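K.L.:
Quick one: this structure, given as structure tokens, is what I'll be asking you about.
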Amino acid sequence: MALIVTLVVIALLLAIPIGIYNRLVAGRNGYKNAFAQIDVQLTRRYDLIPNLVETAKGYLAHERTTLEAVIAARNSAFAGLKSAAADPGNAAAIQGLASADGALGGALGRLLAVVESYPDLKGSQTMSQLMEELTSTENRVSYARQAYNDAVLAYNNSCEVFPNTLLAGMFAFTPGTMLQIESAEKRAAPQVKFG
């Protein structure tokens with residue numbers, strides 16, 4: 001009887017840390033998967049931008065600086081996305097992506113403000129379709145960011161509660177980084193108005 005009790009106690013002492021470790025791994029994998037969804041949506045967004053700029057080029061020949069700024073911001077954000085996608089656990093990469101994506105949002109906002117002053121461009125069916133796609137993608141990006149931040153929060157909470165924090169420290173489970181845009185101006189999705 002004493003042997004059975006001893007085996008049960010040993011089994012429990014092994015099962016608890018194993019369970020905690022597995023939940024930490026599942027949490028880390030969960031937020032990395034959530035970041036992969038952001039990657040998909042941001043890639044879609046970045047793929048739309050050259051088409052948008054190309055469509056606007058014919059109408060905005062003298063707005064070349066604005067168009068070049070959008071392309072430069074898009075390329076910077078795309079590079080930031082690839083860096084963050086390679087290691088979603090790297091806080092510097094996530095912050096770099098947030099900064100580059102915020103700059104892209106500002107450049108797109110300036111482009112859209114210029115587009116507003118060109119009725120022929122606003123009335124273009126191609127431009128309308130691209131803007132609709134961009135708006136839809138912005139909504140998807142927002143949802144994916146929220147899901148990612150929720151997954152990071154759950155993982156970080158799991159790492160910080162006792163006794164999980166003991167195992168998290170022993171096995172180098174580092175906190176995830178939320179994906180946040182720095183300012184309220186950068187948080188705003190570009191406003192699309194036709195008509």
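K.L.:
Please determine, by comparing only the residues of segment 72-101 that are closer than 18 Å to Glu138 by Cβ and of a type in the set (A, V, I, L, M, F, W, C), which one is farthest from the chain's Cα centre (by Cα).
P.N.:
For segment 72-101, the residue satisfying everything is Ala73.
K.L.:
Another question, then. Modelled with pLDDT of 90 or more, of a type in the set (A, V, I, L, M), in a helix (DSSP H, G or I) and crowded, with 18+ Cβ neighbours inside 10 Å: is that true of Ile16 in this structure?
P.N.:
Answer is no for this residue.
K.L.:
List the residue pairs whose Cβ atoms are under 7 Å apart, where the first residue sits in segment 1-25 and is closer than 13 Å to Thr165 by Cα, the second is of a type in the set (S, T, N, Q), and the two are 6 or more positions apart or on different chains.
P.N.:
If the second residue must be of a type in the set (S, T, N, Q), the pairs left are Ile20/Asn164; Arg23/Ser158; Leu24/Ser158; Leu24/Asn164.
Yes/no matrix, rows are residues, columns are (1) out of contact with any Gly (no Cβ under 7 Å at 6 or more places or on another chain); (2) farther than 19 Å from Phe35 by Cα; (3) of a type outside the set (Gly, Ala, Ser):
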site	(1), (2), (3)
Gly89	no, no, no
Gly96	no, no, no
Asp120	yes, yes, yes
Gln125	yes, yes, yes
Thr137	yes, no, yes
Arg140	yes, no, yes
Tyr143	yes, no, yes
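K.L.:
Okay, moving on. Quick one: count up the residues across segment 107-142 that are in contact with a Leu (Cβ under 8 Å, 6 or more places away or on another chain) and assigned to a loop (DSSP other than H, G, I, E, B).
P.N.:
Number satisfying all stated conditions: 1.
K.L.:
On to the next question. Out of Arg28, Arg23, Arg74, Arg44, which single residue is touching a Lys or Arg at 6+ places or on another chain (Cβ under 8 Å) and not hydrophobic (A, V, I, L, M, F, W, C)?
P.N.:
Arg44
K.L.:
Right, another one. Consider Thr55 carefully, then state whether it is within 25 Å of the chain's Cα centre (by Cα), modelled with pLDDT under 90 and not hydrophobic (A, V, I, L, M, F, W, C).
P.N.:
Taking the combined requirement at face value, the residue does not satisfy it.
K.L.:
For segment 54-71, which residues satisfy the criterion of being over 14 Å from Glu133 (Cβ atoms) and touching a residue at least 24 places away in the same chain (Cβ under 8 Å)?
P.N.:
The answer is Ala56, Tyr59, Leu60, Glu63, Thr66, Leu67, Ala69, Val70.
The values are calculated or read from the model by the stated rules, or taken from the named source; none is laboratory data. Quantities reported herein were computed from a predicted structural model and do not represent experimental measurements. Don't worry about glycine lacking a Cβ; one is built from the backbone with ideal geometry, like all the others, and counts go over all protein chains shown.
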